[in-house]
Every structure is written in structure tokens, then in C-alpha cells.
Amino acid sequence: EKGGYDYFMLKEIAEQPKAVADTLLGRIDAAGSLTLDEVRISASELREVDKVVIVACGTAFHAGLIAKYAIEHWTRIPCEVELASEFRYRDPILDQQTLVIAISQSGETMDTLMALRHAREQGAKVLAICNTNGSTIPRESDAVLYTHAGPEVAVASTKAFLTQLVACYLVALYLGQVRGTKWGDEIHAVIRDLAQIGRQVERVLQTMEPVRELARSLAHKNTVLFLGRHVGYPVALEGALKLKELAYMHAEGFAAGELKHGPIALIEDDLPVVVVVPSPRGRSVLHDKIVSNMQEIRARGARTIVIAEEGDEAVVPYADHLIRIPVTPTLLQPMVAAVPLQVFACELATARGNEVDQPRNLAKSVTVE
Ligand code: F6R
């Protein structure tokens, strides 16, 4: 059942290109438009939406943070992302024009379920993004967009995360398509790029041996920090979460721009810092800023582990370890940048003798609040 792999997690990491392709299947038509008829919220209702609120927990929450960048950019609808466990306790502002998106692999997470119940009581429409057919969250939602990752057995989420991102991009692009935005051309180009993204994930998977070697060499460390900016920031949070749950190491993700507001005080000699570098094309200002962050932390002794696009030569002088990822549109980069971090955490857990598929104290689905 583990298909020749030592752990379900390794199998599920390897299955990602297929999971991504399966989640796209039948949702892009021959003309390159999205066909999300299965989302039974009518086009006219979607045109009325004036706010999107995403609720989720853990890894699904990180997918939601990334979705916010895509939704706001492509649709110009304001989007909030909130931890499901916090949501209903702060009296959130919701009405019939609010679209709430509940993201959950299992479809049984109690915090997320309670958040969506609260949203519906306030009159909001709820769209579930879920991996488990017929589970409670999609049953209690107005509509559902299923991810097709297949069963995820390892407690740490990997393939479900990538397919949650795909589903979020589909929703964002669909909202853009239905409402018509000035990004019409960009939306078509991104749909084409999205159709290719599984192949790029496959390429990343083929180059992971140096990442595994690096992970083994860091097995004795106590702390690893993760930095990112723009969509790379939630990727940094996700990298840190994977490391906490699997390797039981102290790991924290920061927005790179926040470094100088406190976290830089943590930098000490030989501290491993993973840096997720935005593309030098497009938002090149961000790229240059993160390169100077790398300079700053290296000058203070950090050991930089840099995840950067192929062809990005500006990072080379500041990278103690360089992990290359394929060139993608800015907003899609998390699809390829998250993969090395999954492999990194899995290998570190193995090197530290931890139970990879069943980390201590954790359950696959959290059905209590
Ligand atoms: C992390 C992880 C958890 C889940 C979270 C939400 O690897 O597995 O953080 O992502 O408990 O679970 P679902 O998506 O089932 O609602």
C-alpha cells in the first residue's frame, strides 16, 4: 500500500504531479476557459460578492494565505484569511454578499466546521474546498470544489496542500472570469501556466537528492528559521510547520520585511535560515529586497539555504546552499517552492529517528475544537 516507499509521506510527496493534474482535470475547456459548473453558486451571485473570507486550520490555512494574493490580484475583491479557531469568536462582519471559503483536507475539522456554520447563520454563502467526498464540511456548505489528491494517509499534509492551492487558483481565476477584470489576458495566460504546473512539480521532485543530503547534515540543529515575502511568506510558514510537526524542531517562518523589526536578533553563527526568493522578473523590487536581507543575515553568521528560480544569478553570492526551482508566474511559485520544504522536513524527521507518518501528539483529523 505504500507502493514501495518507506513512508506514506514519501509516496504522497511523489504523487503530487498526478494529484495536481487530477485536480485540474475537466475544469479547463478547449478554449482555455474555466468550467466550474460544479460550483453551484450562480454567476450572478458571484458577481455580487463584495468580500471573500477564507477560514481554515494549519496547512490549509497557509493555502488560504496564498489564495488571498491571487484573489485580490485577479478579482480586486477584498479577501481576508482567518484561522478557523479564531473566526467566530471575534464577531466577524458577514452578509449575503460575503463569500466564505472553507478549506479542509479531511472535511471533518471541527474548528473549520464551526466557522462555516457561523458564517451561514450570518447569511454568507460558503464554498468548501475539500479532499474527502461526502464529508461534513462539504455537506454543510452551499457549494464544494473537490480537490482530487486521493486519500492522504500521512498526518503531515503534502499533496492535499498542493491541490488546495490549485483549487484556490481555480476559484480566483473563475471569479475573475465571471466578473471580468482588467487582467483578462493575464488570466488566460495563467490558466495555460497552471495546466503545466504538474510537470514543473515533477521536475522539482527529480532534483531533491541534495536537499535530502542537506537535511541529514542538519539533524543535530535545534532551530531553523524560514523567510519569505509576498506568496513566499506563507510558503515559509508552511516550511516551518512541516519541520515542527515532523522533526520536532523549533522552526519559525517570518515575512522577510519584518526581520529588522525583531527577528534578526535571533541570528547567530551557523543558524540555518531558509529563504524563499521571489522571481527576479515581475516584482523585481521584492527580489532585490530579499537579496539584501540575505546579505544582512549572512553578515551575522546565518547559514543560508536559498530556494530560487533557475537563472536567478543574483542570489548565488549569498547562498550557502542553493535549491533551484523552475520559472513560474509569481503567484504560482508556491506550487514548486513548497516541495523542497516537504522533502527537507521528511528527511530531517527520518534522520532524527522520528515516526514520519504518525508524529507524536498529532491526529490526521482534528474533530474537537
Ligand atoms: C499539517 C496538517 C494540519 C492540517 C490541519 C487542517 O501538516 O496536517 O495542520 O492541515 O489540521 O486539517 P484539514 O485540512 O483536514 O481541515
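Every number here is computed from the coordinates shown, using simple stated rules; none is lab data. Everything numeric in this text was worked out from a predicted model, so none of it was measured. Backbone-built Cβ (ideal geometry, glycine too); neighbour counts: all protein chains shown.
One table, with the values for the structure above:
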| quantity | calculated |
| --- | --- |
| Shape category assigned to the range 6-139 from the gyration tensor of Cα positions, a/c cut at 1.5 | oblate |
| Normalised convex hull volume, the chain, alpha-carbon set, Å³ per residue | 133 |
| Cα-only radius of gyration and Dmax that characterise the range 159-295, units Å | 17.5, 53 |
| Highest average packing first - 347-360, 56-69, Cβ atoms within 10 Å | 56-69, 347-360 |
| Mean Cβ neighbour count within 10 Å, used as a protection proxy, ranking 165-178, 269-282 highest first | 165-178, 269-282 |
| Peptides 98-105, 109-116 ordered by average Cβ neighbours within 10 Å, highest first | 98-105, 109-116 |
| Likely footprinting exposure, Ser106, Ser292, Ser157, fewest C-beta neighbours within 10 Å first | Ser292, Ser106, Ser157 |
| Computed lengthening from Thr181 to Arg47, 0.36 nm per intervening residue step minus Cα-Cα distance | 47.1 nm |
| Mean separation of Cα contacts under 8 Å, 6 or more apart, over the residue count of the chain: relative contact order % | 19 |
| Mean separation of Cα contacts under 8 Å, 6 or more apart, over the residue count of the range 184-307: relative contact order % | 23 |
| Size descriptor, Kirkwood hydrodynamic radius, that averages inverse alpha-carbon separations across the range 146-228, Å | 16.0 |
| Mean shadow area of the range 235-324, taken as a quarter of the surface of its Cα convex hull (nm²) | 5.7 |
